[in-house]
1. With respect to Ser73, is the statement that it is over 21 Å from Asn159 (Cβ atoms) and without any contact (Cβ under 8 Å) to a residue 12 or more places away in the chain true?
2. Out of curiosity, is Leu296 touching a Pro at 6+ places or on another chain (Cβ under 8 Å) and either buried (at least 17 other Cβ atoms within 10 Å of the Cβ) or not hydrophobic (A, V, I, L, M, F, W, C) (or both)?
3. Can we say Ser270 is touching a residue at least 12 places away in the same chain (Cβ under 8 Å), more than 24 Å from Ser73 (Cα to Cα) and either surrounded by 17 or more Cβ atoms within 10 Å (Cβ to Cβ) or aromatic (Phe, Trp, Tyr) (or both)?
4. Only residues that are of a type in the set (Gly, Ala, Ser) and either assigned to a loop (DSSP other than H, G, I, E, B) or crowded, with 23+ Cβ neighbours inside 10 Å (or both): list them for the stretch 214-243, please.
5. Within the stretch 244-333, which strands (runs of 3 or more DSSP E) (wholly inside it) include 3 or more residues that are in contact with a Gly (Cβ under 7 Å, 6 or more places away or on another chain) and farther than 19 Å from Pro27 by Cβ?
6. Take Asp138 and tell me if it is part of a loop (DSSP other than H, G, I, E, B), within 19 Å of Ser73 (Cα to Cα) and either touching a residue at least 12 places away in the same chain (Cβ under 8 Å) or over 19 Å from the mean Cα position of the chain (by Cα) (or both).
7. When you check Ala240 against the structure, is it in contact with a Pro (Cβ under 6 Å, 6 or more places away or on another chain) and either at pLDDT 95 or above or not charged (D, E, K, R) (or both), yes or no?
Amino acid sequence: MKKAAKFFLSTCLITTIAFSARASSLPASMAGEIGVPSGKIAYIHDKDVWVMDWDGKSQFKVVTATNAAGKVSWAPDGKRIAFSRSGTVTTESPDLLGGSHRIYDIFIGYLDSAQSNTNFWFRLTDGLGGRYPEWSADGKQIMFTNDLNAHLANPVYPNYQTCFMDTTGGSYRIQRRDYEGTEYYSLMPTYGPGQQVAYVLYKSINPVGVVISSLDKKTFNDADFSGGKLKLIQGATGPAWSPDGKWIAYVDYRITDQAIHIVTPDLSQSFVVYKPTAGLNLQTFPLSWSPDSKWLTFGTSDGSLWIIDITGNQLKQITGPGLNSAPAWSKTE
């Protein structure tokens, strides 16, 4: 059955796209006017949360977390940042065997308090599985990945699902109704216009790619891949929907095609933005857009953080190399 399922996924995905890093760059005529960037960029430095200007200047610490990990996300008001902290569950069973797995929860840091107290934050989740937060455009809720099995001492597999909470930790809900016993998991959700969402899809422990779907979708199975019901970008991770809704940026993680792409939501057009030089790999945290949808920020494996415009020009290293990761652009200029 496992072999048959893999064959189905590789041959019968009707609305599927698998771009090569040899694709062309976005023409200037399609990009529109690209001005000087603005806004701030939050990032993780040495497992703490920091903020800097878009050009790497005026760096300051917001939260002394000591264990920050993964994606960070700005509130629309530019005053709060959601981030994850990591821990470990280690077990020793009665027969002296055991194991360990990573656990996460989501916290909110406040820029107003950072100047006097970097040890102040609000804990949003407490289920030990919350990570990859993304603030909604109206600032009323946070969408995130939740491992529903993280609290178990001996989970065989994680159960990653897209979940929602309001910004006080209430109104928790799981997107799907069929989250129990499923083979399909979703990570790194990103809001699109209307009721659209993009996320990384896994089947069992195997990554499938980035799926574009509706937030109203409550169930998921193999049949969804036929008849054009869903759109899939194979070999993709780290999706980020542009603020203007016109593009989805993603990382092609395949070692021979590693690159940053942007693609239209209908998958009709794709362009390569950046391809790392030999010996350098891309971080696979979700990418992040400038407020005007003309620039992207990303990290590389040496701990350097960068910005680049959507035509693949004006590449600028803004910090590093070092212990830096997961840059996130503010939503306000």
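1. No; evaluated as a whole, the condition is false for this residue.
2. Values: touching a Pro at 6+ places or on another chain (Cβ under 8 Å): no; either buried (at least 17 other Cβ atoms within 10 Å of the Cβ) or not hydrophobic (A, V, I, L, M, F, W, C) (or both): yes.
Here the answer is no, as Leu296 does not meet what is asked.
3. Yes: the conditions hold for Ser270.
4. Initial filter on the stretch 214-243 (of a type in the set (Gly, Ala, Ser)): 214, 223, 226-228, 235-236, 238, 240, 242.
Correct list: Ser226, Gly227, Gly228, Gly235, Ala236, Gly238, Ala240, Ser242.
5. Once the strands (runs of 3 or more DSSP E) in the stretch 244-333 are filtered for at least 3 residues that are in contact with a Gly (Cβ under 7 Å, 6 or more places away or on another chain) and farther than 19 Å from Pro27 by Cβ, what remains is 248-252, 324-329.
6. Numbers: part of a loop (DSSP other than H, G, I, E, B): yes; within 19 Å of Ser73 (Cα to Cα): yes; either touching a residue at least 12 places away in the same chain (Cβ under 8 Å) or over 19 Å from the mean Cα position of the chain (by Cα) (or both): yes.
Yes, satisfied.
7. Yes: the conditions hold for Ala240.
Here is a yes/no grid of residues against (1) assigned to a strand (DSSP E or B); (2) within 25 Å of the chain's Cα centre (by Cα); (3) surrounded by 12 or more Cβ atoms within 10 Å (Cβ to Cβ):
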{"position": "Ser24", "(1), (2), (3)": "no, yes, no"}
{"position": "Ile34", "(1), (2), (3)": "no, yes, yes"}
{"position": "Ile41", "(1), (2), (3)": "yes, yes, yes"}
{"position": "Thr91", "(1), (2), (3)": "yes, no, yes"}
{"position": "Ile108", "(1), (2), (3)": "yes, yes, yes"}
{"position": "Ser116", "(1), (2), (3)": "no, no, no"}
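The values are calculated or read from the model by the stated rules, or taken from the named source; none is laboratory data. All values derive from a computational prediction rather than experimental measurement. Note that we place each Cβ from the backbone using ideal geometry, even for glycine, and neighbour counts take in every protein chain shown.
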